[in-house]
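I have a structure I would like to understand better, so I am pasting it below and will then ask my questions one at a time.
Bear in mind that the values in this text are calculations on the coordinates, not laboratory data. Because the structure is predicted, anything quoted here is derived from the model rather than measured. Because the Cβ atoms are built from the backbone with ideal geometry, glycine has one as well, and the counts that use them run over all protein chains shown.
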Amino acid sequence: MTTPDIAARRVLGAIAALVVGTLTLSACGGNASADADTNSKGGGGTSVKTSTAKIVISAKDGSTNASINATGVRVSDGKLTDVKMTVSGSGQAVDGAISADGASWKPKEQLERGTKYQISATAKDSSGKTAAANSIFTTVTSGNSFIGTYTPDNGTTVGVGMPVSFTFDKVISDQKAVQSHITVTSSSGQQVVGHWFGAQRLDFRPQDYWKAGSKVTMKIDLDGVQGANGVYGVQKKTVSFTIGRSQVSTVDVNTQTMTVVRDGQTLKSLPISSGSPEHTTYNGQMVISEKFTQTRMNSQTVGLGGEYDIPDVPHAMRLTTSGTFIHGNYWYNKANPPFGQTGTSHGCVGLADVQGAQGATNAKWFYDNSLVGDVVIVKNSPDKTVAPDNGLNGWNLGWSEWTAGSAA
């Protein structure tokens, strides 16, 4: 049996809940604002004095492709007083900071892709009136975004042949849009042009090798750029690297020697052993893309069956993606060394070395005096010229061919 007091309390409770629900609904939405000051006027009416502060959350409420880089909060005609950002569901806080002038807030770290977040922000205008806004949104997913893995890394020093090379994790159909949002400039003033190798690789280089000592700056502004239907970029950063001294080494297969030239002066002429007649070495300009003090080389990885498996090849430097290296050789016939005499390798360029990579050998000297990005030219081999996309070897394209591959 319900007593009158209990019934009255239930009615009051229902009215209170209705009022709270109404207030809650009025505060929803990405640009919602509120003001606590009200003045009564004649006739029993009320007038709300709204804050002049206007808060804008970059990720709109309900959006599903929000940026992982540019999401933040800004206010005009006021100053932010508090911003809270959390991962929806878990409530995990996202660290961020309000700017010194109180005009903006941004997360300290890049957001995660495909994650739902919530932002609640408050601000005050010059009269102390409060405004509020909130937004619940989801960042762009991995399936609807693309990234480019690039080389060289920020802060590195590389050789004069080092191109800027991007490999994208999605097929890029709008190559013009993507290329136009990557700019590469050099302190040398050299013109730098991009070239597409297929739909997922974009390299940049000048007409001639980089000028020694110059600084190259790469600006990546791909955040929100549509690279294909429904697929957007997420990267926004600036990368700089330095060009070291100029070193170009020329391998002459006819004489089985390599001449190392630095800044126009010959440093050394080293005896080498190139590819055998059955496994010749590519001709052309090749760029050192990786260096390993020791590495394993297995013929099965390059389609040669079980011909060799050497677990500790010393002083190895990669010249092509397909497996051409210039490296040390300790397993040669000590009674009849091939260096300077004949080609005995499976397509690589070999230098005399010792097992363990510890001796004062020609291979160690060349390794210690080489940078990623240095150029190694092979000439007079019976093989063809290396393909420009087999490694970082776009220098084998003439300038007109290179520029023809630009989408800009």
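Need one word for region 255-384: rounded, prolate or oblate. Basis is the Cα gyration tensor (sqrt eigenvalues a ≥ b ≥ c); a/c below 1.5 gives rounded, then a/b vs b/c decides. Spell out each step's value before the answer.
Working: a/c = 1.28, a/b = 1.17, b/c = 1.09.
It is rounded, given that a/c, with a ≥ b ≥ c, falls under 1.5.
Tell me which residues come under 5 Å, amide H to amide H, from residue 257 once H is placed; ignore anything under 5 positions away on its chain.
Those lying under 5 Å, H to H, from residue 257 are 252, 272.
In whole angstrom, and with the biggest value first, how far do the Cα coordinates of region 98-164 range along each principal axis?
Sorted from largest, the Cα extents of region 98-164 read 61, 31, 13 Å.
Counting only residues 5 or more places away or on other chains, whose amide H sits under 5 Å from the amide H of residue 147 once H atoms are built in the peptide plane?
Answer set, sorted by chain and number: 169, 170.
Show me 279-285, 330-336 ranked by packing, highest mean number of other Cβ atoms within 10 Å first. Present the calculation step by step, with values, prior to reporting the outcome.
Numbers: 279-285: 21.4, 330-336: 10.6.
Averaged packing, sorted descending, gives the order 279-285, 330-336.
Helix 4-26 sits at what angle to the longest principal axis of the chain, using alpha carbons and giving 0 to 90 degrees rounded to 10?
Here the helix axis deviates by roughly 40 degrees.
Could the peptides 80-90, 225-235 be put in order, highest first, of the mean number of other beta-carbon atoms found within 10 Å of their residues?
225-235, 80-90
Can I ask one more? Which value in nm describes the separation of the simple spin-label points at residue 254 and residue 383, placed 7 Å from the Cα toward the beta carbon?
Reported label-point gap for residue 254 and residue 383 is 1.9 nm.
Also, quick follow-up: Quick one: Karplus J couplings for region 316-324, per residue in order, coefficients 6.51, -1.76, 1.60, θ = phi - 60°, nearest Hz, x for Gly and Pro?
In residue order, the calculated couplings are 9, 10, 6, 10, 9, 5, 6, x, 7 Hz.
Using the Karplus curve 6.51 cos²θ - 1.76 cosθ + 1.60 with θ = phi - 60°, work out ³J(HN,Hα) for each residue of region 91-107 in order, rounded to whole Hz, and write x for Gly and Pro.
Calculated HN-Hα couplings, in order: x, 4, 6, 10, 5, x, 8, 7, 5, 4, 8, x, 8, 8, 9, 8, x Hz.
Pull out the extension gain between residue 86 and residue 200, defined as 0.36 nm times the separation in residues minus the alpha carbon to alpha carbon distance; nm, one decimal.
Between residue 86 and residue 200, full extension yields 37.5 nm more.
While we're here: Measuring from a point 7 Å past the Cα of residue 401 along Cα-to-C-beta, which residues in region 361-387 have an amide N at less than 12 Å?
Backbone N within reach: 385-387.
Taking 0.36 nm per residue of separation and subtracting the Cα-Cα distance, what length does fully extending residue 186 through residue 149 add? Could the numbers behind the result be given before it?
Numbers: separation 37, 0.36 × 37 = 13.32 nm, distance 2.07 nm.
Full extension from residue 186 to residue 149 adds 11.2 nm.
What's the extension gain from residue 79 to residue 171 if we count 0.36 nm per residue and subtract their Cα-Cα distance? It would help to have the intermediate numbers written out before the result.
On the way: separation 92, 0.36 × 92 = 33.12 nm, distance 4.36 nm.
Extending this stretch completely gives an extra 28.8 nm.
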